[in-house]
Amino acid sequence: MKLIGNSGTGERLAAGTTADTETGVRPTGQSSDQSTGSLPAQRGTAGGDIDVTGYGPERLVHLTADRVAAASARDLADPTDPADTGEDSFETALAAREQAALEARHRGSADAGDPNAASQLGALLLRRGDLRDAEPYLRAAAAAGLRAAANNLGVLLHQQGHRTEAAQWWRQAAVAGSAPAAHALGLQLRDQGEEEAAEYWLHFAAEQGHPLGAYALGDLMEHRRDVRAERWFKAAADSGHREAAYRLARMREAAGDKDTAETWYRTAAARSHARAALRLGVLLEARGDLDEAARWYRQSAQNGEARAACALGFLLRDTGDLSAAAEWWQEAAEAGDGTAANALGALHAGRGENAVAERWYRAALDAGDHNGAFNLGLLCAGAGREAQAEQWYRRAAYAGHREACNALAIVLLQRGDESGAEPWFSKAAEAGSVDGAFNLGVLHAGRGEMRQAQEWYARAAAEGHGEAALQLAVAQEQRGNLAGALERYRQAADGGSAEGAFRLASLLDRRGDADTEAEHWYATAADAGHRRAQVRMGVRAAERGALQIAESWYRRAAEGGSRSAAFNLGLLLARQDSEAEAMLWYTRAADAGHGRAALRLALLALRRGEAVQAENWCRRAAEYGPAEVAERAGRLLGALNAELSA
């Protein structure tokens with residue numbers, strides 16, 4: 001029985017199998033919805049006080065995106081360019097003068113003892129990074145009971161590493177009703193492992209409509225598998241928090257509610273959330289909306305998501321655009337995506353460009369994708385570099401690659417090391433490799449351990465392995481359980497086993513009550529290259545008088561090496577007065593050991609008066625059989641000998 005090995009070359013990964021929620025600490029100024037344990041971003045609110053970046057900002061005045069972009073452009077511009085002396089430069093200079101004047105007014109009032117001015121000045125200084133100058137003003141304002149100042153003082157102290165004192169000021173501000181301070185305090189308590197206290201303050205912030213507090217509360221609850229997490233993610237998402245919208249979508253998708261998941265993926269993706277755009281693309285591709293899926297993949301890739309570039313490559317490959325697919329795979333691979341590197345390797349290997357393929361497979365391995373090692377093993381095996389192939393298989397197998405375990409076991413078994421092969425087959429099977437389970441069944445069957453063999457065949461068959469189902473079906477038929485055999489043969493045929501389809505058709509044919517279904521399965525097996533099924537299709541066509549169809553099937557089988565097909569083709573051609581070609585096919589069949597063909601050649605030789613040639617074919621027919629042919633050949637040979645003796 002033939003062992004089966006997987007020849008995959010690094011296809012895409014099942015989308016959605018990787019946990020991809022960001023949880024790293026964000027440096028000051030990073031977008032507020034990109035981290036669950038980081039400092040929230042600056043945001044402006046109504047009121048006279050000013051808050052700055054850090055845990056729990058409350059109020060912040062900031063430049064518009066247009067102004068920031070314009071200022072950045074001017075920083076890079078040539079100062080002598082006349083274009084830089086226009087109205088925009090004047091407005092920026094004016095804004096800078098106004099900011100300086102505002103700072104001067106605040107400083108004057110603060111130095112005169114105004115706590116509100118001290119709070120505003122401290123926030124302004126903190127925002128631009130002047131911590132030493134900001135601290136005394138914030139302390140003065142916080143001591144005067146201004147909660148915004150207390151919150152910002154907590155931010156400043158946290159940035160300086162004084163976390164205990166920062167928490168004290170945040171607590172004071174939170175008790176006074178500051179939602180941003182409650183959020184910041186909750187995060188710090190969570191990071192210290194005080195989850196109950198953290199939940200209290202995050203809940204306080206969330207109930208006041210603070211989106212970052214709602215998101216952090218949802219994150220904490222999801223970590224504890226609390227069903228209330230969804231409520232708070234939704235609250236944050238409704239307030240514009242894109243990471244919350246993404247997390248909510250993931251939860252709904254996991255619950256099987258793909259429609260709601262799609263809505264929230266769209267919400268997050270519209271806010272340029274790269275992973276949401278990727279997941280939205282996956283959902284759309286799964287339901288066949290390929291054009292829209294491609295658009296979201298492209299957006300995600302342009303926002304830096306390498307997996308989206310990889311997915312777009314596969315989508316384009318499936319539509320036949322290999323050139324564009326390769327470009328996106330290369331972009332993803334150069335960004336460190338191992339799946340894309342494997343896909344590029346497979347593309348070049350398919351073209352025979354093994355050196356380039358090897359380079360990309362190595363890149364995949366360097367990216368931590370052990371499919372790269374497995375694919376290097378396949379590449380080396382295909383090139384006849386068996387020792388290197390074994391090394392790569394072994395490397396991938398020790399990393400837990402189940403198909404590499406199976407491939408390594410086959411290598412060991414083929415050189416006679418059965419004791420070395422069995423543990424690797426077992427490891428592959430236990431990891432979920434259906435080929436490994438089937439091959440383990442083959443190993444036990446070879447030892448006569450049929451109970452263990454049947455167990456592994458059943459395990460592989462349950463995962464759709466057609467050849468495993470075939471072995472179970474044959475055992476059922478041998479025991480006389482035809483109903484069980486039919487069921488297993490159907491499973492084998494559905495799993496792609498041509499032999500299973502042929503045996504299913506034969507069993508239905510013998511039963512005689514399912515001719516149409518039998519024809520279907522004969523055709524399925526024949527189309528898959530099963531020679532006996534092709535002969536059977538030829539016989540059935542000839543019986544209906546469809547001689548051209550019969551000839552076509554006979555030729556396909558005969559050219560594939562079927563001696564029965566060659567003989568039947570000879571008979572068909574002889575009836576059509578193509579005696580010369582018929583002789584060629586009789587001869588091919590007889591040379592392959594077909595007794596009837598040899599007997600037919602003997603009779604034709606005798607008809608031409610070629611007694612010696614006829615005797616030779618008679619002897620071969622008697623040798624090949626079957627019994628009735630051997631008997632007829634013997635009688636003819638006796639008559640020939642008598643005639644020759646006379």
Residue in region 396-440 that is surrounded by the fewest Cβ atoms within 10 Å (Cβ to Cβ), counting only those that are in contact (Cβ under 8 Å) with a residue 40 or more places away in the chain, under 27 Å from the mean Cα position of the chain (by Cα) and in a helix (DSSP H, G or I): ILE410
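Being basic (Lys, Arg) and surrounded by fewer than 16 Cβ atoms within 10 Å (Cβ to Cβ) is the filter; apply it to region 92-151 and report the residue that is farthest from the chain's Cα centre (by Cα). Please lay out each step first, then the result.
Filtering region 92-151 for residues basic (Lys, Arg) gives 97, 105, 107, 127-128, 132, 139, 147.
Checking which are surrounded by fewer than 16 Cβ atoms within 10 Å (Cβ to Cβ) leaves us with 97, 105, 128, 132.
On the way: ARG97: 56, ARG105: 60, ARG128: 45, ARG132: 52 Å.
Selected residue: ARG105.
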Qualifying positions in region 220-232 - under 30 Å from the mean Cα position of the chain (by Cα) and under 21 Å from SER178 (Cα atoms): LEU220
Every residue from region 616-646 that is at pLDDT below 90 and either within 18 Å of MET583 (Cβ to Cβ) or in a loop (DSSP other than H, G, I, E, B) (or both): ALA646
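Collect the residues in region 285-321 that are aromatic (Phe, Trp, Tyr) and open to solvent by 40 Å² or more (accessible area, probe 1.4 Å), keeping them in residue-number order. Full working, then the answer.
Start the filter on region 285-321 by keeping residues that are aromatic (Phe, Trp, Tyr), which leaves 296-297, 314.
Of everything in region 285-321, just one residue is aromatic (Phe, Trp, Tyr) and open to solvent by 40 Å² or more (accessible area, probe 1.4 Å), namely TRP296.
Report, by residue number, each residue of region 575-585 that is open to solvent by less than 30 Å² (accessible area, probe 1.4 Å) and modelled with pLDDT under 95. Talk me through it step by step, then tell me what you get.
Filtering region 575-585 for residues open to solvent by less than 30 Å² (accessible area, probe 1.4 Å) gives 582, 585.
ALA582 - this is the single residue of region 575-585 that is open to solvent by less than 30 Å² (accessible area, probe 1.4 Å) and modelled with pLDDT under 95.
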Residue list for region 251-297, filter: of a type in the set (Val, Ile, Thr) and over 16 Å from the mean Cα position of the chain (by Cα): THR260, THR263, THR267
Any hit, region 546-553, residues being open to solvent by 60 Å² or more (accessible area, probe 1.4 Å), touching a helix residue (DSSP H, G or I) at 6+ places or on another chain (Cβ under 9 Å) and touching a residue at least 24 places away in the same chain (Cβ under 8 Å): yes
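Would you point out the residue of region 206-234, among those that are touching a residue at least 24 places away in the same chain (Cβ under 8 Å) and of a type in the set (D, E, K, R), that is least open to solvent (accessible area, probe 1.4 Å)? Walk me through it before giving the result.
Here is the first cut: in region 206-234, the residues touching a residue at least 24 places away in the same chain (Cβ under 8 Å) are 206, 208-220, 222, 224, 232.
From what's left, of a type in the set (D, E, K, R): 219, 222, 224.
Working: ASP219: 23, GLU222: 65, ARG224: 85 Å².
Applying the filter and picking the extreme gives ASP219.
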Qualifying residue in region 589-596 (condition: closer than 16 Å to GLU551 by Cβ and assigned to a helix (DSSP H, G or I)): yes
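Could you pull out the residue among LEU472, LEU508 that is farther than 25 Å from GLY448 by Cα, without any contact (Cβ under 8 Å) to a residue 24 or more places away in the chain and open to solvent by less than 60 Å² (accessible area, probe 1.4 Å)? Steps first, please.
Working: LEU472 fails: farther than 25 Å from GLY448 by Cα.
That would be LEU508, the only listed residue that is farther than 25 Å from GLY448 by Cα, without any contact (Cβ under 8 Å) to a residue 24 or more places away in the chain and open to solvent by less than 60 Å² (accessible area, probe 1.4 Å).
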Region 159-205, residues that are open to solvent by 20 Å² or more (accessible area, probe 1.4 Å) and farther than 30 Å from ARG225 by Cβ: GLN159, GLN160, GLY161, HIS162, THR164, GLU165, GLN168, TRP169, GLN172, VAL175, ALA176
Residues located in region 441-465, provided they are crowded, with 21+ Cβ neighbours inside 10 Å and small (Gly, Ala, Ser): GLY441, ALA453, ALA460, ALA461
Neighbours by Cβ (under 7 Å, 6+ apart or cross-chain): first from region 599-613, surrounded by 18 or more Cβ atoms within 10 Å (Cβ to Cβ); second of a type in the set (D, E, K, R): LEU599/ARG632
Of all residues making up region 322-337, the number that are touching a residue at least 24 places away in the same chain (Cβ under 8 Å), among the hydrophobic types (A, V, I, L, M, F, W, C) and surrounded by 24 or more Cβ atoms within 10 Å (Cβ to Cβ): 3
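The values are calculated or read from the model by the stated rules, or taken from the named source; none is laboratory data. The structure presented is a predicted model; accordingly, all values stated were derived computationally and were not measured. Reconstructed Cβ throughout: ideal geometry from the backbone, glycine too, with neighbour counts over all protein chains shown. With ligands, DNA and RNA removed, areas are computed over all heavy atoms of the protein, side chains included. Shrake-Rupley method; radii C 1.70, N 1.55, O 1.52, S 1.80 Å.
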